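First up is the structure itself, then whatever we jot down about it.
The values are calculated or read from the model by the stated rules, or taken from the named source; none is laboratory data. Since the structure is predicted, the reported quantities are computational estimates derived from the model, not experimental observations. Glycine gets a Cβ as well: all are built from the backbone with ideal geometry, and neighbour counts include every protein chain shown.
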Amino acid sequence: MKVLKWTFVSISALTLFLVIAAYSLLERSDAKVPTLKDHPNAHWSGAQDGGVFFEITRSNPPAYYVEIRYESGDIWAEGWVKHDLKEGGKLTSQDLLGYDGGDVVYLQNGTVLKLNGTAVK
């Protein structure tokens, strides 16, 4: 009976230790989402280690003019993308997920759009 009791106590202590260790490894995100003073409609997509701002400045569905900005607010790239949405929906800056240079823009839903007229600076 003592062996069973010590086994239970040992397993409980080990479980508690593992839960505390796992919790301490979690990243906490207390940082505010970056904003651009001169571009209040620009949407931040990224994390603490970097990202970009997306802003759709002109839209004529299914064509949208997208400006992609560095954290400083300077233009990284800009150009038109075409994307048809069902039921008359419009593409928004929040739908844009990522850009890593070149002529490809990634959407939240996994769609890849070609950026035409890219002006990388």
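Might you check whether a residue that is modelled with pLDDT of 85 or more and exposed (fewer than 10 other Cβ atoms within 10 Å of the Cβ) occurs anywhere in segment 14-36?
no
Looking only at strands (runs of 3 or more DSSP E) that lie completely in segment 44-83, which have at least 1 residues being aliphatic (A, V, I, L, M), out of contact with any Leu (no Cβ under 8 Å at 6 or more places or on another chain) and more than 16 Å from LEU107 (Cα to Cα)? Lay out the reasoning, then the answer.
Numbers: elements: 50-60, 63-69, 75-82.
Filter on segment 44-83 gives 75-82.
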